[in-house]
Amino acid sequence: PMQGPAFPASFLWGGAVAAHQTEGAWQADGKGVSIADVMLAGDRQTPRAVTPTVTADGVYPNHWGTDFYHHYREDIAMMAEMGFKCFRTSIAWTRIFPNGDDPEPNEAGLQYYDDVFATCHEYGIEPMVTLSHFELPLHLVQAYGGFASRHVLDAFVRFATVCLRRFHHQVKYWLTFNEINNQANWRDPHALLQDSGLLLQPGENAEQAMFQAAHHELVASAQVVQIAHAISPTLQVGGMLALCPIYPAGPAPQDVLKASKAMDYRYYFGDVQALGHYPAWLAPYWAEHGLTIHQAPEDAAILAAGTVDFVGCSYYMSFTLKHQAADADYTYNEATDLTTNPNVPQSQWGWAIDPVGLRYALNWANARWHLPLFIVENGIGGAETLVDGQVHDQYRIDYLRAHLAQMRLAILSDGVPVMGYLAWSALDIVSASTGEMKKRYGFIYVDADDFGHGSMARVRKDSFAWYQRVIASHGADL
Ligand code: BG6
């Protein structure tokens, strides 16, 4: 183990999951169909296809997830055994409003989350809730075009209000939209669907659709912040960004400028949520690109009044970007402009492993937004096998240890305010991007394969005992 100074005593250690990736039980107790329920399995090379309805022969991994719906008592008990102070999950919108905009909420769905949060409190674990984590009701996508529509903005605020009213005694920490900035990569249809419920027709302007949907999400997020504070001033609402620093490929001034502008583009969502208004470059950018974004007259005031209390971030990797001869503006293309960084290794799924990038990104985010930060996801996915009842995931220990060591430097040496650290993921889940079970993330192994075959038994991996020691020592003992 690596010894060092302890983290602050109030630091919120724990782990995270999302409803659609772990709960399964996709039709239980009145749940409606979400976009995750019509996504087929893919892999590193094959994007996840989407079917208009659930078909009999399709493989839909989110239908079973890792059956947290029926195992949550056992799972939360194991998290408590690791010493978790905080557990983040999402509330599946379709458990509360099966179609997203039904006249009345589904009491059975509310009751389920009551039980989950009560179980957390039995063990002294503070729950954190994500209100929208890649699981929009399919009806809102098919009937309204997802967040392109203002109706969906209103439906989301209504759903969020029901959750806040019901759970404010149990849940203090809330996140509005998970990785709202993934859609900056609007060339990828998967990002548009997961973030915003956009399924575009050929010929539609994807960039305009993204900015429009994101505008509605930013307004909704700001409304939710205000509603939460009105319900109870003790509630803390954060945005949630995929924090992935973009490095210039080299010292060529064009590379440096391009990387900086790409960061502006990828993080404007955070600017709006933290500062309460759009950054200055966006109006000229929209004009130059012929993009028209509709904003209601009241929106600017809502954005200004609904700034977040903290910035939630996931951190997995860094990007490295190279300018192209024709570049003149902020856009970058993740499919063609990224280069492999020779200074950092990669995971089995090709993600750059860059712990120093976490320290860099925390410093960058602090300097830009001047708000407390909360790492609400960090981890590594890899293929693993259960041998004699054990999983030796030393690569996960190495990854997490290196990232925690850099986060400690950011907090203790650089003075960055970080509220807590939630590893992704508490237990194995179905991968969001590929739909694979075999891209495992947890401290707890779940006996299930890519087709949902297996006993769903839970097994403590080597990283389980390691993380237990980390938390027990307040991070002194990495
Ligand atoms: C983030 C998401 O993108 O990263 C999670 O918030 C996701 O839902 C995690 O699981 C890891 O990504 P993936 O695609 O490997 O599951």
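The values are calculated or read from the model by the stated rules, or taken from the named source; none is laboratory data. The structure presented is a predicted model; accordingly, all values stated were derived computationally and were not measured. Every residue, glycine among them, receives a Cβ derived from its backbone with ideal geometry; neighbour counts consider all protein chains shown.
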Leading residue by the ranking (surrounded by the fewest Cβ atoms within 10 Å (Cβ to Cβ)) among those in the stretch 312-369 that are among the aromatic types (Phe, Trp, Tyr) and at pLDDT below 95: Tyr330
Subset of the stretch 346-374 (residues that are within 14 Å of the ligand (Cβ to nearest atom) and in contact with a helix residue (DSSP H, G or I) (Cβ under 7 Å, 6 or more places away or on another chain)): Ile353
Which numbered condition Ser314 fails, given (1) over 27 Å from Ala222 (Cβ atoms); (2) within 16 Å of the ligand (Cβ to nearest atom): (1)
Number of positions in the stretch 197-232 that are free of Cβ contacts under 8 Å to residues at least 60 places away in the same chain and within 20 Å of the chain's Cα centre (by Cα): 2
Ala191 vs. criteria more than 16 Å from the ligand (Cβ to nearest atom) and among the aliphatic types (A, V, I, L, M): no
Counted residues, the stretch 418-473 - those being touching a helix residue (DSSP H, G or I) at 6+ places or on another chain (Cβ under 7 Å), closer than 19 Å to Tyr72 by Cα and within 16 Å of the ligand (Cβ to nearest atom): 8
Qualifying residue in the stretch 54-69 (condition: more than 20 Å from Gly197 (Cβ to Cβ), within 16 Å of the ligand (Cβ to nearest atom), in a loop (DSSP other than H, G, I, E, B) and of a type in the set (Val, Ile, Thr)): yes
Candidate set from the stretch 287-345 (those that are in a helix (DSSP H, G or I) and among the aliphatic types (A, V, I, L, M)); member that is farthest from Gly379 (Cα to Cα): Ala287
Meets criteria (of a type in the set (S, T, N, Q) and closer than 21 Å to Tyr467 by Cα) for Thr51: no
Leading residue by the ranking (nearest to the chain's Cα centre (by Cα)) among those in the stretch 6-15 that are over 14 Å from Arg401 (Cα atoms), touching a residue at least 12 places away in the same chain (Cβ under 8 Å) and in a loop (DSSP other than H, G, I, E, B): Phe11
Number of positions in the stretch 172-185 that are more than 11 Å from the ligand (Cβ to nearest atom), closer than 23 Å to Glu122 by Cα and buried (at least 20 other Cβ atoms within 10 Å of the Cβ): 2
Residue among Asp398, Asp414, Asp393, Asp388 that alone is buried (at least 21 other Cβ atoms within 10 Å of the Cβ), away from the ligand (no atom under 15 Å from the Cβ) and more than 19 Å from the chain's Cα centre (by Cα): Asp393
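Table: residues versus (1) in contact with a strand residue (DSSP E or B) (Cβ under 8 Å, 6 or more places away or on another chain); (2) closer than 27 Å to Gly350 by Cα; (3) free of Cβ contacts under 8 Å to residues at least 40 places away in the same chain.
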residue: Asp37; (1), (2), (3): no, yes, no
residue: Thr55; (1), (2), (3): no, no, yes
residue: Tyr60; (1), (2), (3): yes, yes, yes
residue: Tyr72; (1), (2), (3): no, no, no
residue: Phe84; (1), (2), (3): yes, no, no
residue: Phe87; (1), (2), (3): yes, no, no
residue: Pro103; (1), (2), (3): no, no, yes
residue: Phe117; (1), (2), (3): yes, no, no
residue: Cys120; (1), (2), (3): yes, no, no
Residues (surrounded by fewer than 18 Cβ atoms within 10 Å (Cβ to Cβ), of a type outside the set (S, T, N, Q) and touching a residue at least 24 places away in the same chain (Cβ under 8 Å)) located in the stretch 461-478: Asp462, Arg469, Ala472, His474, Ala476, Asp477
